[in-house]
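Read-outs throughout are calculated quantities, based only on the coordinates presented, and are distinct from any laboratory measurement. Quick caveat: nothing in here was measured; it's all calculated off a predicted structure. All Cβ positions, glycine included, derive from the backbone under ideal geometry; neighbour counts span all protein chains shown.
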Amino acid sequence: MENNSKVKTDRFQETRINRLESHPIQIQVFNAPFKPDICEFTLNYDATEDYETVFFISDMMLKLYNRAGQRIGLSEYHVSRGDGLDLTKCQGNDVKINRVIDGLLDTRKK
């Protein structure tokens, strides 16, 4: 998993690693461009937070690449910003992170 130092969300990396390892997937976090040779896949991620009495993840994207650099998976979460109330924004960040990771790894939809 490529480290993204721009993501400052509390416990974001710890939650991601725990969820990925529950699948079970071995994780090695690295700082680009120094990707370990043993990595079969690379996971890139981005997330942003908003604030309404508490900080919450408002947008998140995970991209999975194979060794050749081809994107083989994508999973996203976005708070609805249009009309109506999006109750998912009130869920804990761990719930959102886990749902996005499970969506990325769900082989039934591929």
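Rounded to the nearest 10 degrees, the angle from helix 93-105 to the longest Cα principal axis of the chain is 40 degrees. Among beta bridges identified by DSSP and lying wholly in the chain, the antiparallel ones come to about 95 percent. Angle of helix 12-21 to the longest C-alpha principal axis of the chain, folded into 0 to 90 degrees and rounded to 10: 60°. Here K6 is the anchor, and the aspartates and glutamates within straight C-alpha reach of less than 20 Å, apart from those fewer than 8 places off in the same chain, are E14, D46, E49, D50, D59, E76, D94. Taking the square roots of five times each eigenvalue of the Cα gyration tensor of the chain, the equivalent ellipsoid has semi-axes of 26, 16, 13 Å, listed largest first. 3J(HN,Hα) along segment 33-38, derived from phi through the Karplus expression 6.51 cos²θ - 1.76 cosθ + 1.60 where θ = phi - 60°, amounts to x, 8, 6, x, 5, 6 Hz, with x in place of Gly and Pro. Positive end of the dipole of the chain (Cβ unit charges, origin at the Cα centre): among A47, F12, V29, the Cα lying farthest that way belongs to V29.
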